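**Student:** Please find one structure pasted underneath; my questions will follow.
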Amino acid sequence: MSEETTEQVVEEVVEPGQETDPVATLTADLQRLQAEYANYRKRVERDRAVAHESAVGSVLTELLALLDDVDRAEQHGELSGGFKAVADQLNSITSRIGLEKYGTEGEAFDPQIHEALMHDESADVAVATATKILQPGYKYKERILRPARVAVTDPVTGA
């Protein structure tokens, strides 16, 4: 752009009778465009990270049934030899990716991370407690992929 064209653009933007410095106006425009571009880049990076986490979470969700089968085989002593090596490698890979298994007997019941499948009352507990883990829960980063399915024991209420 030549100086003549630049002055025409500045004159069109500025109201008649108002004096401005064309360099200051162009500098302000440049700064605004740089800020818009920086915000765009941040938004794209954030969206890309969310899409990546979502894709990894979807793949891990599909693997949960397989991990449950491996756990059941291990509990019944049917996991040995080459299958044990494959199961160990599968567990280490999912752990390295960030899949976390949770749910332990005796922890306080939290409806945000537990799904109650059975209910009982007992004088042995002071608060609602997950007394039996029927199926462990899994989470990836802060996202719950599957809640822990538990049997809940509530304290006895006076009737």
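The values are calculated or read from the model by the stated rules, or taken from the named source; none is laboratory data. As the structure is a computational prediction, the values presented were derived from the model and not from experiment. Cβ atoms come from the backbone with ideal geometry, glycine included; neighbour counts cover every protein chain shown.
**Student:** Among the numbered conditions (1) assigned to a strand (DSSP E or B); (2) under 30 Å from Ala49 (Cα atoms), tell me where Asn91 comes up short.
**Tutor:** (1)
**Student:** Condition first: at pLDDT below 90, touching a Pro at 6+ places or on another chain (Cβ under 8 Å), over 16 Å from Arg149 (Cα atoms) and buried (at least 16 other Cβ atoms within 10 Å of the Cβ). Can you find one or more residues in the range 97-109 that meet it?
**Tutor:** For the range 97-109, residues at pLDDT below 90, touching a Pro at 6+ places or on another chain (Cβ under 8 Å), over 16 Å from Arg149 (Cα atoms) and buried (at least 16 other Cβ atoms within 10 Å of the Cβ): absent.
**Student:** All but one of (1) assigned by TED's automatic domain parsing to the domain that holds Thr61; (2) surrounded by fewer than 15 Cβ atoms within 10 Å (Cβ to Cβ) hold for Asn91, so report the exception by its number.
**Tutor:** Of (1) assigned by TED's automatic domain parsing to the domain that holds Thr61; (2) surrounded by fewer than 15 Cβ atoms within 10 Å (Cβ to Cβ), only one is false for Asn91: (2).
**Student:** Between Val156, Val152, Val127, which is loosely packed, with under 11 Cβ neighbours inside 10 Å and more than 24 Å from Ala55 (Cα to Cα)?
**Tutor:** None of the others qualify; the one that does is Val127.
**Student:** Can you tell me which residues in the range 77-92 are within 24 Å of Ile133 (Cα to Cα), out of contact with any helix residue (DSSP H, G or I) (no Cβ under 6 Å at 6 or more places or on another chain) and without any contact (Cβ under 8 Å) to a residue 24 or more places away in the chain?
**Tutor:** Gly77, Glu78, Lys84, Asp88, Ser92
**Student:** Given the criterion without any contact (Cβ under 8 Å) to a residue 24 or more places away in the chain and in contact with a helix residue (DSSP H, G or I) (Cβ under 9 Å, 6 or more places away or on another chain), identify the matching residue among Glu62, Glu74.
**Tutor:** Glu74
**Student:** For the range 110-159, how many residues meet the condition of being touching a residue at least 40 places away in the same chain (Cβ under 8 Å) and either β-branched (Val, Ile, Thr) or more than 26 Å from Glu62 (Cα to Cα) (or both)?
**Tutor:** Result for the range 110-159: 2.
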